[in-house]
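Written out below as structure tokens is the structure these notes cover.
Taken together, the values in this text are just the output of simple stated rules run on the coordinates, not laboratory data. These numbers were taken from a predicted model, which means no experiment stands behind them. FYI the Cβ positions are ideal-geometry reconstructions off the backbone, even for glycines, and counts take in every protein chain you see.
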Amino acid sequence: MSDIVKKWFEYAKADLEAAEILVKNSKSDYSYQLAVLHCHQAIEKLLKTVIVANKKEVKKIHNLLVLANDSKIKFPEDFLYYIEELNPHY
């Protein structure tokens, strides 16, 4: 695994940890909005990690559906539904 792939994976893990902290220690509605943003970021980073690991060029976009397609992973429909729901929350 290349250094850049490891780094992006670690960043994605950090975003998920931040989301979990925000949900568990919610002080306001903004905590949940920020948790959703961090979930979006984690999925985006993981998808970009897969694209990079497959030696493909990563588009400088935040659209999770396009990135999921570019990753060439065969996702279940329900997963695609969830990332479609997260898409506007960037």
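As a proxy for reagent exposure, Ser71, Ser31 were ordered by neighbouring Cβ count within 10 angstrom, fewest first; the result is Ser31, Ser71.
Largest first, the three principal axis extents of the alpha carbons in the chain are 42, 30, 22 Å in whole numbers.
When only Cα pairs under 8 Å and 6 or more residues apart are kept, what is the percent relative contact order across the chain? Please list the in-between numbers first.
Working: 84 pairs, mean separation 26.6, N = 90.
Normalised by residue count, the contact order of the chain is 30 percent.
Between Phe9 and Asn25, the modelled labels are 2.7 nm apart [label points 7 Å from Cα along Cα→Cβ].
Nearest 10 degrees is fine. How inclined is helix 3-24 to the longest principal axis of the chain, computing both from alpha carbons? The angle comes out at about 20 degrees.
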